[in-house]
């Protein structure tokens with residue numbers, strides 16, 4: 001099936017308008033640019049709009065960028081993932097317990113100097129606490145923009161125990177990026193800015209990117225309580241930024257995607273994720289490997305990689321994203337709407353598996369959505385999960401295609417009564433008509449047969465024609481027809 005990227009672009013531009021999004025989007029498939037578009041406002045004070053020549057501010061020492069630097073040094077044989085950071089920063093009291101891998105994974109356990117120390121102490125200040133909420137937020141923004149040195153951070157966390165055993169859990173921690181930055185500079189013998197320029201910008205031909213503040217770049221805005229945009233005061237900061245363009249972000253995305261910064265072996269190590277979808281400077285979501293520039297908890301640019309389908313895309317932004325409620329009590333933002341539009345493009349049954357619902361797939365399962373015209377026929381994912389949890393005889397399975405949840409299956413088994421039923425079948429609205437439903441039902445029939453079922457029964461709404469066709473395709477036949485429903489069955493002996 002040929003993908004209509006023009007139609008997808010129209011949908012995404014409409015979504016961007018709905019969310020008040022400002023930025024740019026670029027999509028590559030098999031080396032070809034299939035979408036390249038801009039939207040929204042660059043400067044909310046003047047009304048200037050985003051265009052292809054707009055410049056974006058990116059934090060140069062965000063975790064993902066630092067991960068690129070570390071992997072370049074690993075490829076050069078100067079660092080190993082297993083190295084304890086005591087090799088590089090011996091003055092830190094807990095350095096012998098923490099590895100480079102722990103730092104990159106966000107699992108060092110180091111005390112957060114900003115949220116755990118600076119803001120915590122500030123909250124005890126009576127003058128600060130008496131300020132209106134919006135003024136406190138503005139003060140937080142100005143404090144965040146300071147360029148904290150490694151020595152300053154060490155003093156702030158001196159004598160503090162680790163938050164947890166290194167490698168055991170992951171929390172966002174501002175201290176880790178300061179440690180990574182210091183290690184890159186000590187190992188390379190040059191400042192981070194020079195390292196990035198020499199080994200990333202110059203190597204990839206990113207000649208439109210500039211280190212340091214450039215006032216021709218779009219301002220940066222954060223959202224206060226998801227309503228009001230607040231502008232960062234970038235003219236009075238020593239925070240480390242670089243400015244870039246959509247064209248240069250494309251070069252960086254392709255440089256990572258095509259392994260021109262470090263080899264595929266290290267790419268696999270970087271993008272291998274844990275149960276919380278965290279890798280080493282990368283993460284995973286909806287089947288994509290993600291690389292992002294994160295500034296004060298919002299993403300100024302995000303790269304999405306799908307190696308199997310030779311597909312990657314990026315979103316650049318100069319402002320935080322709004323969240324709205326949409327269906328099934330879920331928060332939705334433009335980045336999520338974008339990802340949900342892209343996920344099904346090349347997702348068809350290839351390596352489909354049915355897995356028990358549990359801690360490794362609950363998040364994906366909760367994101368499964370049904371079509372609006374099917375809501376009268378079937379419960380949503382959240383209701384199905386809750387109902388199955390409340391009944392011991394019910395079993396829940398998630399249909400996975402790679403890292404993407406495409407469906408949800410609820411079975412009930414009561415061997416004492418001889419009852420074996422297919423309770424609920426949900427195929428995500430984005431993946432219907434591709435064969436996932438047939439795969440799920442064949443699994444259900446085989447599973448219940450092995451459990452001891454001799455005959456299976458299932459009820460279906462009389463007006464749910466697609467479901468009737470699906471059940472018939474795996475051997476169910478009509479037994480009885482009622483005013484609203486049809487009773488179907490299948491003998492397994």
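The values are calculated or read from the model by the stated rules, or taken from the named source; none is laboratory data. Values in this document were obtained by computation on a predicted structure and should not be read as measured data. All Cβ positions, glycine included, derive from the backbone under ideal geometry; neighbour counts span all protein chains shown.
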For this session: Working carefully through the options 285, 253, find the one that is out of contact with any helix residue (DSSP H, G or I) (no Cβ under 9 Å at 6 or more places or on another chain) and crowded, with 18+ Cβ neighbours inside 10 Å.
Result: 253
Exercise. Name the pairs whose Cβ atoms lie under 7 Å apart, with the first residue in the stretch 358-375 and farther than 11 Å from residue 398 by Cβ and in the same structural domain as residue 431 (by TED's automatic domain parsing), the second loosely packed, with under 14 Cβ neighbours inside 10 Å and modelled with pLDDT under 85, and 6 or more positions between them or separate chains?
Worked result: 359/275; 369/327
Exercise. What single numbered condition from (1) outside any loop (DSSP other than H, G, I, E, B); (2) touching a helix residue (DSSP H, G or I) at 6+ places or on another chain (Cβ under 8 Å); (3) under 30 Å from residue 191 (Cα atoms) fails to hold for residue 26?
Worked result: (3)
Problem set entry | Odd one out for residue 411, checked against (1) within 29 Å of residue 309 (Cβ to Cβ); (2) touching a helix residue (DSSP H, G or I) at 6+ places or on another chain (Cβ under 8 Å); (3) at pLDDT 90 or above | (1)
Exercise. Which condition does residue 226 not pass, out of (1) at pLDDT 90 or above; (2) part of a loop (DSSP other than H, G, I, E, B); (3) surrounded by fewer than 18 Cβ atoms within 10 Å (Cβ to Cβ), if it passes all the others?
Worked result: (1)
Exercise. Is at least one residue of the stretch 9-16 over 25 Å from the mean Cα position of the chain (by Cα), modelled with pLDDT under 95, crowded, with 16+ Cβ neighbours inside 10 Å and assigned by TED's automatic domain parsing to the domain that holds residue 341?
Worked result: no
Problem set entry | Elements of type helices (runs of 4 or more DSSP H) in the stretch 42-124, at least 2 residues being under 27 Å from the mean Cα position of the chain (by Cα) and either within 20 Å of residue 297 (Cβ to Cβ) or modelled with pLDDT of 95 or more (or both) | 63-75, 100-104
Exercise. Only one of (1) over 26 Å from residue 348 (Cα atoms); (2) at pLDDT below 85; (3) surrounded by 15 or more Cβ atoms within 10 Å (Cβ to Cβ) is not met by residue 467, so which one is it?
Worked result: (1)
Exercise. Within the stretch 7-32, how many residues are under 18 Å from residue 306 (Cβ atoms) and without any contact (Cβ under 8 Å) to a residue 12 or more places away in the chain?
Worked result: 1
Exercise. Which residue, of 478, 493, is over 36 Å from the mean Cα position of the chain (by Cα) and free of Cβ contacts under 8 Å to residues at least 12 places away in the same chain?
Worked result: 478
Problem set entry | Selected residue (criterion: nearest to the chain's Cα centre (by Cα)) from residues of the stretch 127-157 that are in a loop (DSSP other than H, G, I, E, B) and without any contact (Cβ under 8 Å) to a residue 40 or more places away in the chain | 148
Seminar exercise, completed: Only unsatisfied item for residue 218, checking (1) surrounded by 21 or more Cβ atoms within 10 Å (Cβ to Cβ); (2) assigned to a loop (DSSP other than H, G, I, E, B); (3) touching a helix residue (DSSP H, G or I) at 6+ places or on another chain (Cβ under 9 Å), is (3)
For this session: State yes or no: is residue 266 outside any loop (DSSP other than H, G, I, E, B), in contact with a strand residue (DSSP E or B) (Cβ under 7 Å, 6 or more places away or on another chain) and either more than 22 Å from residue 313 (Cα to Cα) or in contact (Cβ under 8 Å) with a residue 60 or more places away in the chain (or both)?
Result: no
Exercise. In the stretch 223-248, how many residues are touching a helix residue (DSSP H, G or I) at 6+ places or on another chain (Cβ under 7 Å) and under 19 Å from residue 49 (Cα atoms)?
Worked result: 2
Seminar exercise, completed: Picking from 453, 405, the residue that is buried (at least 21 other Cβ atoms within 10 Å of the Cβ) and under 20 Å from residue 480 (Cβ atoms) would be 453
For this session: State which residue is surrounded by the most Cβ atoms within 10 Å (Cβ to Cβ) when the search covers only the stretch 34-54 and only residues that are more than 14 Å from residue 220 (Cα to Cα) and touching a residue at least 60 places away in the same chain (Cβ under 8 Å).
Result: 38
